[in-house]
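The values are calculated or read from the model by the stated rules, or taken from the named source; none is laboratory data. Because the structure is a prediction, the values reported are computed rather than measured. A quick note on method: Cβ atoms are made from the backbone with ideal geometry, for glycine too, and the neighbour counts reach across all protein chains shown. Surface accessibility is based on the protein's heavy atoms, side chains included, excluding ligands, DNA and RNA. Shrake-Rupley method; radii C 1.70, N 1.55, O 1.52, S 1.80 Å.
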Amino acid sequence: MMTSLRVLILEDHQDDAELMLHELRKAAYEVEWQRVEGEEDYLAALEWQPETILEDYTLPQFDALRALKLLQERNLDIPFIVVTSSISEELAVQCIKQGAADYLLKDRLTRLTSAVSYALESQKNRQQRQQAEASLRHSEMFYHAIFDSTSDHVAIIDQQGKIILVNEAWKRFAQENGDPTLAHTGVGVNYLDVCRRTQGDAQTIAQAVIEGIEAVLAGKVSEYILPEYTCHSSMERHWFLLKVTPLP
């Protein structure tokens with residue numbers, strides 16, 4: 001089965017371009033191609049949206065590093081392979097650092113198809129990773145929007161009981177009431193230690209909270225609810241319905 005491939009070739013010798021095309025066709029690529037020699041034609045050909053770029057390192061008025069730079073300036077992710085008669089190790093490394101997917105010599109074109117295949121596969125994996133990261137960022141934004149929109153005071157704690165995240169309602173309450181035990185927003189504070197330090201008439205409730213949270217953390221219960229939980233602040237006593245559930 002033939003695989004279609006749009007190839008842009010930056011090469012000033014037609015015969016060399018034909019040899020590259022011959023190698024790709026031998027590997028069952030159905031090639032649609034353009035050959036250009038100068039910068040202006042190269043930029044115009046990028047509008048054609050090639051899937052692979054093959055370039056001789058040095059053209060009369062244009063070289064691979066310049067071509068790579070123009071590609072990056074336009075944020076185009078197109079596999080770029082340098083195909084040249086000779087290249088020093090230093091220049092080869094420079095091309096790779098600049099963004100070339102690979103480089104090879106014209107007298108070793110048998111490696112061209114494997115280089116193109118590997119570059120296309122790497123591009124596919126890279127784009128899939130970028131899509132996954134974008135999806136994750138969107139999910140995080142969506143989650144935070146829901147998390148911060150609720151009027152309930154919500155805190156997330158780790159397995160040791162340390163608060164690692166709180167929503168806006170929690171932050172507002174902690175800041176407005178100036179509760180020193182919550183260190184303003186509470187992030188970084190061990191919630192269980194706060195309960196352990198509670199004295200007076202709230203000590204019994206605090207102990208129940210500790211036992212309930214530890215039971216949830218240990219997986220002994222799937223949920224813990226305390227109908228009346230008191231919190232002392234510098235202003236007044238507040239009552240809450242405390243609900244503790246594990247995150248999946």
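Considering region 172-194 alone, what residues qualify as being under 20 Å from Ser151 (Cβ atoms) and either surrounded by fewer than 18 Cβ atoms within 10 Å (Cβ to Cβ) or modelled with pLDDT under 80 (or both)?
Taking region 172-194 and keeping what is under 20 Å from Ser151 (Cβ atoms), we get 172-177, 179, 182, 184-187.
Arg172, Ala174, Gln175, Glu176, Asn177, Asp179, Leu182, His184, Thr185, Gly186, Val187 - these are the residues of region 172-194 that are under 20 Å from Ser151 (Cβ atoms) and either surrounded by fewer than 18 Cβ atoms within 10 Å (Cβ to Cβ) or modelled with pLDDT under 80 (or both).
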Query raised in the report: Any idea which of (1) surrounded by 14 or more Cβ atoms within 10 Å (Cβ to Cβ); (2) free of Cβ contacts under 8 Å to residues at least 12 places away in the same chain is the one Lys124 doesn't satisfy?
Result: (1)
Query raised in the report: So which strands (runs of 3 or more DSSP E) are wholly in region 1-85 and hold at least 2 residues that are basic (Lys, Arg)?
Result: none
Query raised in the report: Scanning region 1-28 for residues that are of a type in the set (Gly, Ala, Ser) and open to solvent by less than 40 Å² (accessible area, probe 1.4 Å), which turns out farthest from Pro60 (Cα to Cα)?
Result: Ala28
Query raised in the report: Do any strands (runs of 3 or more DSSP E) lying entirely in region 99-170 carry at least 2 residues that are within 21 Å of the chain's Cα centre (by Cα), and which ones are they?
Result: none
Query - Residue within region 76-97 that is among the polar types (S, T, N, Q), surrounded by 13 or more Cβ atoms within 10 Å (Cβ to Cβ), more than 19 Å from Glu121 (Cα to Cα) and modelled with pLDDT of 90 or more present - result: no
Report task. For region 130-139, indicate whether the set of residues that are within 27 Å of Arg6 (Cα to Cα) and surrounded by 11 or more Cβ atoms within 10 Å (Cβ to Cβ) is non-empty. Result -> yes
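Among the β-branched types (Val, Ile, Thr), open to solvent by less than 10 Å² (accessible area, probe 1.4 Å) and free of Cβ contacts under 8 Å to residues at least 60 places away in the same chain: is that true of Val31 in this structure?
Working: among the β-branched types (Val, Ile, Thr): yes; open to solvent by less than 10 Å² (accessible area, probe 1.4 Å): no; free of Cβ contacts under 8 Å to residues at least 60 places away in the same chain: yes.
No, not satisfied.
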